[in-house]
Structure formats: C-alpha cells, structure tokens
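The values are calculated or read from the model by the stated rules, or taken from the named source; none is laboratory data. Here the structure is a predicted model, which means the values were calculated and not measured. Glycine also receives a Cβ, built like all others from the backbone with ideal geometry; neighbour counts cover every protein chain displayed.
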Amino acid sequence: MKKNVLVSTILLLGLGLFLSACGGSPVVEKVVTVEVEKVVTVEVDKEVEVAAEVEEPAEGAATEEAMAEEPAAEQTTEETAAPAAQAGGDTLGIVKDRGVLNCGGNAAVPGFGYLDPDTNEFAGFDIDFCKAVAAAVLGDSEAIDVRALTGTDRFPVLQAGEVDLLARNTTWTISRDTSLGFNFAPVNFYDGQGMMVRKDSGIETLADLEGATVCVQQGTTTERNLADVMRALDVTYEPVVLADQPATLAAYAEGRCDGFTTDKSGLVSSQTQLPDPDAHVILEETMSKEPLAPVVRHGDDQWFDIVKWVMFGLIEGEELGITSANVEEMAATSEDPVVRNFLGVEGDLGTGLGLDNDFMVTVIGQVGNYGEIYDRNLGPDTVFNLERGQNALWTEGGLMYSMPFR
C-alpha cells in the first residue's frame with residue numbers, strides 16, 4: 001500500500017499533470033535530462049519512463065481532466081490497474097437499441113483518425129473500421145459516434161463502457177490484454193517506432209542523437225521504447241514529454257527538440273503536417289514492434305467475436321477478390337462454395353455471431369475490403385503513399401491472414 005502511494009506521488013511530482021487538450025490552454029511541457037544508466041521506470045496508462053530527477057510541476061497546473069485520470073492510491077497505474085468488474089454484457093443488444101455504435105478514435109492523426117475542421121467529420125483508416133462494425137451490426141456504416149480520445153484517457157473511457165469499441169492506433173501488449181481487462185481484435189496495422197529529424201541536422205542514425213533532445217508523447221509505449229533503445233545504445237538524451245500528439249508535433253516543428261519519435265505510420269502522417277515536409281527525414285532504424293489493433297472490454301465474448309470476425313472478414317474479402325464494386329454480383333452469381341459461404345448465400349455463419357448471415361455483404365458493400373480501406377486512407381493516391389509492406393496479404397509476402405470462414 002505504501003509503495004503504491006509512493007508511486008502515485010512520483011507520478012504527480014515527476015510527470016506532472018497535463019492541461020486539457022481541448023481547453024485552449026497551452027500544454028505543460030516537461031524537459032527531463034536522462035542519464036540512461038539511472039532510469040527509473042514508472043508506468044502510466046501506457047509505459048512511461050522518466051529520469052530519477054524531474055521538474056516539479058507549477059502550482060495549479062493540473063486540470064480537472066488530469067485530476068480525474070490520477071490513479072487511485074491502491075493502484076499501480078492506470079495501465080496496470082485492475083479493471084472494473086465485468087459481469088458479462090450484451091453490447092450487441094445495447095448498440096442495436098441505441099442505433100449507434102460508440103467508437104473511441106483519434107482526431108489528430110491524418111490517415112488513421114482525423115477530425116476535419118472544415119467538415120467536422122472524422123475520417124481515416126481506424127474510423128473506417130468503426131464503420132465496418134457498424135455496417136455489420138446495424139446495417140449502416142454511418143451509424144457511428146466517434147469520441148476523440150487521447151493516449152491517456154482512451155483506456156479508462158473504454159473500461160467505463162463509455163465507448164463500445166476502441167480503434168485508435170493502440171499497440172497490443174500483454175499488460176493491456178490482461179491487467180486492463182481488454183480483448184484485442186486481430187491486428188489491423190503492423191507498425192514499428194521510428195524517429196524523425198531535420199535533414200540538415202547531420203543525424204543519420206539513433207547513435208547520432210547523443211546529447212540531443214527528443215519530443216515524445218506522454219502516455220504511450222513510445223516513451224519506454226525510446227528509453228530502452230537509447231540505454232542499449234549507451235546514448236544520453238533529453239526527452240521533451242508533452243501531453244498529446246498535436247503538442248508533441250508542434251514542439252518539434254518549433255525547433256524545441258532535435259528529434260520526434262512515434263510509430264512510423266504516425267511519423268509519415270505528422271510529416272505531411274509540417275510547414276516544409278521535405279526538410280525532414282524518417283530514420284531507417286525501427287525501434288520496436290507496434291502491432292496496432294482494435295480493442296474491446298473483457299466480459300462479452302459475443303461482442304468480441306463480432307469485432308474479431310469483421311476484421312477477419314475485411315482481410316478475407318480482399319483475398320477472395322470481393323470488393324465494394326462487385327460484392328452484390330458475387331453474392332448473386334458466384335458458384336464458388338467458399339465465396340457463397342463467406343457472403344452468407346449458403347450456411348449460417350452470421351447466426352453464430354447474432355448477425356445476419358450476409359453481414360459481410362453489407363460490410364464490404366458499404367466500406368470495402370481491407371485493401372480498399374488501406375488504399376483509400378493511406379495508399380498511392382493519398383499524400384502518404386504508404387507501402388503495404390507487412391500489411392500486405394500473406395499471399396503477397398505480408399502478415400494479413402484471415403482465419404477460415406468455415
């Protein structure tokens with residue numbers, strides 16, 4: 001008990017609490033000099049590493065939102081805290097009665113989850129997955145209500161049942177899968193942490209960051225990965241820890257740090273938002289494995305199955321060559337028993353999920369298959385032009401592989 005109280009105290013004194021991202025106030029920034037040999041590990045929401053000596057936050061810096069996210073004294077951190085008890089559940093019934101899928105997403109990562117200020121509409125790769133689940137469950141891909149969540153509040157919000165599904169660039173780890181009481185659907189994007197620097201900086205490898213400052217977002221696995229890698233390389237650096245992605249990118253853009261680290265997909269997205277994207281480069285080195293996947297709560301196996309098999313269905317649809325343009329025709333004319341079973345023309349696979357047997361006809365017809373979703377948001381006709389790589393189908397050298405619809 002005393003140890004846990006001490007951890008909470010360290011969190012308050014060492015990390016500080018951040019100002020609300022939507023409150024319009026400037027973000028509290030913490031610059032911490034790290035001698036990597038003296039790193040103390042403190043977990044908060046995601047895994048966070050800070051130096052033994054940190055700046056005490058200014059009096060009154062905490063906001064109501066930050067205070068609400070402070071872990072209880074008897075808990076280690078939000079990331080390792082025991083989840084609220086889950087007594088089963090009927091998420092499918094709740095969503096159907098409501099008529100809308102509540103989905104936790106990102107608002108600040110173009111290509112994945114982004115709130116367009118001109119249209120006030122969410123768009124992106126992860127947002128399209130929310131739409132796919134809504135199409136399967138409600139028959140309407142637009143019947144979604146996206147709640148923009150930060151790296152810090154996403155897990156408490158999901159635990160509290162305020163969203164039905166989290167689709168927000170979230171790395172699948174053992175502690176999140178177990179200690180937090182979550183279930184991860186199949187990975188929808190295989191990624192890895194990278195580093196972006198200015199082209200004229202002379203920095204070509206991570207080892208060149210000796211004595212440099214690095215912008216990193218609070219409440220992410222990124223912080224611990226950064227500390228671990230730099231320690232292994234025997235590189236001393238100063239992390240500039242900020243509350244959210246926009247603040248982290250802004251600090252880098254303003255020259256307050258020599259490098260900016262996050263998942264490589266996030267770096268590609270962030271680079272397009274810089275005033276002169278061509279003045280920056282993403283280093284070749286990959287610092288970690290970052291399997292990103294949708295997340296649901298423990299306690300409702302039916303809902304977990306639905307989310308899981310919608311994801312598999314998007315992959316299977318691409319593998320079978322079924323697209324939004326031909327799915328209706330394939331359902332009506334295909335003689336292939338695999339296709340007919342997958343699309344619900346034969347069999348009763350949907351019934352086992354509590355859905356219509358032709359649920360994947362609706363999903364692909366309204367949202368597309370995995371390849372269509374990828375290309376629409378990240379592909380060659382977008383500003384990102386992000387190669388499929390590991391996210392290609394297994395038949396094309398990638399890792400995308402559906403379990404059998406049988």
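When the residues of region 184-199 are filtered to those that are within 15 Å of the chain's Cα centre (by Cα) and part of a strand (DSSP E or B), the one that is nearest to D278 (Cα to Cα) is Q193.
The listed residues are R256, R231, and the only one of them that is out of contact with any helix residue (DSSP H, G or I) (no Cβ under 8 Å at 6 or more places or on another chain), over 20 Å from P110 (Cα atoms) and either in the same structural domain as F129 (by TED's automatic domain parsing) or of a type in the set (K, R) (or both) turns out to be R256. Scanning region 365-381 for residues that are buried (at least 22 other Cβ atoms within 10 Å of the Cβ) and farther than 17 Å from F312 by Cβ yields a total of 1. Of the residues making up region 200-219, those that are assigned to a loop (DSSP other than H, G, I, E, B), on the phi < 0 side of the Ramachandran plot and surrounded by fewer than 24 Cβ atoms within 10 Å (Cβ to Cβ) are I203, E204, T205, E210, A212.
In region 239-275, of all residues being acidic (D, E) and crowded, with 17+ Cβ neighbours inside 10 Å, the one that is modelled with the highest pLDDT corresponds to D258.
Taking the conditions (1) under 22 Å from V268 (Cβ atoms); (2) in a loop (DSSP other than H, G, I, E, B) in turn, F129 satisfies each one other than (2). Listed by position, the helices (runs of 4 or more DSSP H) enclosed by region 235-349 that each have at least 1 residues that are among the charged types (D, E, K, R) and under 28 Å from E396 (Cα atoms) are 264-271, 301-319, 327-333, 337-342.
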